[in-house]
Protein chains: 2
Amino acid sequence: MQPTKLTLALDMMGGDHGPHSTIPAALAAICEFPELNLILCGDEAMLTEQLKLHGVFPHPQLHIRHSTQIVSMADKPSVALRSKRDSSMRVALDLVDKGEVQACVSAGNTGALIAMAHFVLKMLNGVDRPALISALPAVEGNPVYMLDLGATVNCDADTLFQFAVMGAVMAEEVIGISQPKVALLNMGEEEIKGSDQIKRASMLLSDCNDINYIGYIEGNDIFTGKADVIVCDGFVGNVALKTCEGVAKLILRRFESSIKDRVTAQLFGWLIKPFIKNLYQGVNPDHYNGASLIGLRGIVVKSHGNATKDAFLSAIRQAVREVERQVPAKIKDRLEHVLIDKA
Amino acid sequence: MQPTKLTLALDMMGGDHGPHSTIPAALAAICEFPELNLILCGDEAMLTEQLKLHGVFPHPQLHIRHSTQIVSMADKPSVALRSKRDSSMRVALDLVDKGEVQACVSAGNTGALIAMAHFVLKMLNGVDRPALISALPAVEGNPVYMLDLGATVNCDADTLFQFAVMGAVMAEEVIGISQPKVALLNMGEEEIKGSDQIKRASMLLSDCNDINYIGYIEGNDIFTGKADVIVCDGFVGNVALKTCEGVAKLILRRFESSIKDRVTAQLFGWLIKPFIKNLYQGVNPDHYNGASLIGLRGIVVKSHGNATKDAFLSAIRQAVREVERQVPAKIKDRLEHVLIDKA
């Protein structure tokens, strides 16, 4: 197939639900974007059958690329990288590398996706390590970009600095915030707090005129809109994001059990239940937004492993937006500019 | 004054509200514990005046120890340590050191309290660094102890191991859980995940028969009761705890604004508002429980800087419980036992 204006590869077999989520999401996406072409990577027989069940086979916007393997959620990244070269995930990444598509989307095993994407696509010049970035909800105003959410466990000051630059580009290009406020996540706002890497990264950012660096913020300010971009290492970001999920569940469980306790409140359960569902969706970024793997020579969007049709569709939309805004090229340009400025 | 059976020193001047919170909490505490003696550290004239206003001066359970300085929330720990030797915080810690009291409670500057407590009280044998530990709410069952919440930024594997032992002793002695389940907070449950320190700490804990080590848990399982004790370094613990506060606020703001949006729900605001307040208190451990600074040769309980009377009273109760259960001696015994076992 020739590359067209807007073509994405989808890993159809990834995630807990596989084609049961990814097929309906793909069908919704081609309705939403009439110019969009999708290359569906996975088991051809199964995908054909599913598409026929939906009454949409053949379809001019949909193309199947057969693959024989599936990366499971339990596969170790290193093993997946070595032994699953014909998996739907790997085939989708190879299509990005070959320029047949402009981006790929997967709900599969995060560790395997990071390892494969890093291996297949390689890093942009000036970027040492990839980062997972996601837009989190804020109390009011624009969402907040946070990175890294788990791609790179140990980050030195230079890596944190590069993450800050990449996060700023994402906030500018994808959300459209001019001069986004960039902060480092720390355990206090005072200059003396935190690890040596964070203190050094803070100095690098303070010296950089291209970044609107506002200093340190603490965990309780992640959602207040104080910063547009929040930078931390992958370990801290992953723990913080998953802790959010834990707190949201704790609050909603308590809410539900409290409703059971009160006879009066029980009467209004019909009113409160849909609200709870919306609330949970609104504050659970891990489930309802895709995370982008950035710093690579190509666009890779990761949907949650437990992604529903809506979540996978939202990840496809995000990939479309990043293609339209040419995010990797913008990151590359900005990094070159910043590094020349520093030199 | 001679030491009596149960005597605590209170830093009356610490925290955002100073005597306005600490005096009412002290008065409630002596009613609750008739055998309790309190040494109130702070400005004598101010404390006397406040006690007279409450109609309880003199009182056989209350003793004032005058101090001329106050550690402010903005003071750098190193500066407070050098130049505030007659502060209410330092005087309270000195009383613990001299054996005139069995524990002290402060709502003051956390960093200064950690630095001063470390300097004045010194570490227990076998413990390299202090840890802040707090009991967090769980979805059901017992609360969960998490440490370190910010005392020690960088922890090597041995320090994490010692924290695990100390956390287990707290869960056994203070909550009364037999063989508490101990977990390391990590970015995945698989053995290959995480930093080198965490992997080594995991090996040390797996080899230790005295600890019921259950492996890694992720941030979304902090509140599920999967573990009774959760161990991490001070940076990660601090970010996780403060992120909880941020999420709780985000959810409740959204809840309130959603109520405004729905005319029907507005009618039931009177019903929901008190619930929100309770919910917030229940899920905001930072505000409603004291954190204990453990690993030292004395008991130090830290109440939140913004502590209300109830929060400070809860910190006093916690100090009483730790005195009764002789927590530092139990930690020392357990560590000796574990280290002999390892040798």
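Quick notes on this structure:
- Protection proxy ranking, peptides B:205-214, B:51-60, A:132-141, average beta carbon neighbours within 10 Å, highest first: A:132-141, B:205-214, B:51-60
- Under Karplus coefficients 6.51, -1.76 and 1.60, residue-wise ³J(HN,Hα) of segment A:138-149 in Hz, glycine/proline x: 10, 4, 8, x, 5, x, 10, 8, 10, 8, 8, 9
- Per-pair calculated FRET efficiency, R0 = 22 Å: residue B:33 and residue B:175 via Cβ, rounded to 0.05: 0.70
- Rounded to the nearest Hz, the phi-derived 3J(HN,Hα) couplings of segment B:299-316 under the Karplus curve 6.51 cos²θ - 1.76 cosθ + 1.60 (θ = phi - 60°) are 9, 10, 10, 9, 8, 4, x, 9, 4, 7, 3, 5, 5, 5, 4, 5, 5, 5, where x marks glycine and proline.
- For the residue pairs A:242/A:332; A:5/A:98; B:84/B:122, alpha carbon separations beyond 24 Å are given by A:242/A:332.
- Normalised by the number of residues in chain A, the average gap of Cα pairs under 8 Å and 6 or more apart makes the relative contact order 22 percent.
- Solvent-accessible surface of the protein assembly as shown, averaged per residue with a 1.4 angstrom probe and all protein chains in place: 40 square angstrom.
- Net charge dipole size for chain B [Lys, Arg +1 and Asp, Glu -1 on Cβ; Debye, nearest 20]: 780 debye
- Other protein chain Cβ atoms within 10 Å, averaged over every residue that makes up B:106-113: 1
- For residue A:181, distant residues with modelled amide H under 5 Å away: A:228, A:229
- The 3J(HN,Hα) values that the Karplus relation (6.51, -1.76, 1.60; θ = phi - 60°) gives for segment A:18-31 are, in residue order, x, x, 5, 9, 6, 5, x, 5, 5, 5, 5, 5, 6, 5 Hz. Gly and Pro appear as x.
- Fraction of antiparallel bridges per DSSP, the protein assembly as shown only, in percent to nearest 5: 25 percent
- Amide proton proximity set for residue B:57, modelled H, under 5 Å, gap of 5+: none
- Between B and A, accessible area buried - total, square angstrom, nearest 100, 1.4 angstrom probe: 4700 Å²
- Considering only alpha-carbon pairs that sit under 8 angstrom and 6 or more positions apart, the relative contact order computed for segment B:173-219 is 52 percent.
- Added length on full extension, which subtracts the Cα-Cα distance from 0.36 nm per residue, residue A:57 to residue A:306: 87.0 nm
- DSSP beta bridge pairing in chain A, given as percent antiparallel to the nearest 5: 25 percent
- Scanning residues 5 or more positions from residue B:36 or on other chains, none has an amide H under 5 Å from its amide H, with H placed 1.01 Å from N in the peptide plane.
- Relative contact order [Cα under 8 Å, 6+ residues apart], segment A:1-133, whole percent: 31 percent
- Under the combined filter of DSSP loop state and at most 16 neighbouring Cβ atoms within 10 Å, segment A:98-196 retains these trypsin sites (Lys or Arg not before Pro): A:98, A:122.
- Cβ charges +1 (Lys, Arg) and -1 (Asp, Glu), total dipole of the protein assembly as shown, debye: 840 debye
- Mean partner shielding of peptide B:211-221, defined as the number of other chain Cβ atoms within 10 Å of each residue Cβ, is 3.
- Using just its DSSP H runs of length 4 or more, each adding -39500 (n - 2.57), chain B gives a mean residue ellipticity at 222 nm of -15000 deg cm²/dmol after division by all residues.
- Cleavage-rule hits, GluC sites (Glu not before Pro), segment B:1-108, DSSP coil, Cβ neighbours within 10 Å at most 12: B:35
- Only one residue of B:229, B:18, A:168 has its Cα farthest out toward the positive end of the dipole of the protein assembly as shown, where Lys and Arg carry +1 and Asp and Glu -1 on Cβ, and that residue is B:18.
The values are calculated or read from the model by the stated rules, or taken from the named source; none is laboratory data. In this text, all values refer to a predicted model and were calculated from it rather than measured experimentally. Cβ coordinates were reconstructed from backbone atoms using ideal geometry, including for glycine residues, and neighbour counts include every protein chain displayed. Each accessible area value is taken on the protein alone, full model and side chains, heavy atoms only, with ligands, DNA and RNA left out. Shrake-Rupley method; radii C 1.70, N 1.55, O 1.52, S 1.80 Å.
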